[in-house]
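Shown next, in structure tokens, is the structure this report addresses.
The values are calculated or read from the model by the stated rules, or taken from the named source; none is laboratory data. Because the structure is predicted, anything quoted here is derived from the model rather than measured. Neighbour counts are summed over all protein chains in view; Cβ atoms, including those assigned to glycine, are modelled from backbone coordinates with ideal geometry. Areas reflect the complete protein model, heavy atoms only, side chains present, ligands, DNA and RNA absent. Shrake-Rupley method; radii C 1.70, N 1.55, O 1.52, S 1.80 Å.
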Amino acid sequence: MAKRKRKKLAARRAAQQPVTETTLKGVIIAVTACAIFSLLGFAFIWVGIQEIAFTCRCSAEAPGLITEVTRKQEYQSGKRSKTLQYWATYSYEIGATGNTDVLVTAKRFTAKPLAAGQRITIRYNPDNPGEKYVKGYDDAGNVFCVIVGIVWVGFFALIAYCAISLHLREQAAKKQQSAV
């Protein structure tokens, strides 16, 4: 008996609650917000493509040697935490020109240890030797940004699609009811 009363009461409450409808203004706001948030996803995609293009341009290799490794602790402003960074000075030769540069990396992001006397490979652009990276230590060519950007844009495109299709379904249902 109590179950029947609860069911009837729930049916009355459902009938009394107003049916929410999407308005054209609400759909426009939702789609605009999704478009704005999608711009961030497109920025991620653009950065990822730029990194991949940089990696493709750096097609020549040169052997290098780490000459010195310095460990520094960087305090972030306003925080008590500190970040441990390794500054590795390395030398390499491109043609007959000897070069020296510094590789800065954080321990938590580096899979390979850095040590003085360690041999490394430098990849550089043959047309512009100033464009270079240390193979295995820099994040050049990382496709992570592209993947995150595609997922981000896809997520907001799905939200916009759902908002538009829900509104169109409600409009079609209203037309059907008014025709009857």
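Would you say L114 is assigned to a helix (DSSP H, G or I) and surrounded by 11 or more Cβ atoms within 10 Å (Cβ to Cβ)?
Details: assigned to a helix (DSSP H, G or I): no; surrounded by 11 or more Cβ atoms within 10 Å (Cβ to Cβ): yes.
So L114 does not fit the description; no.
Filtered by the rule that a residue be touching a Phe, Trp or Tyr at 6+ places or on another chain (Cβ under 9 Å), of a type in the set (A, V, I, L, M, F, W, C) and within 14 Å of W152 (Cβ to Cβ), segment 37-57 gives F37, L40, F42, F44, I45.
For the criterion of being farther than 30 Å from A43 by Cα, among the polar types (S, T, N, Q) and modelled with pLDDT of 80 or more, T70 passes.
Applying the condition of being of a type in the set (A, V, I, L, M, F, W, C) and open to solvent by 50 Å² or more (accessible area, probe 1.4 Å) to segment 32-42 and asking which residue is nearest to I164 (Cα to Cα) yields A35.
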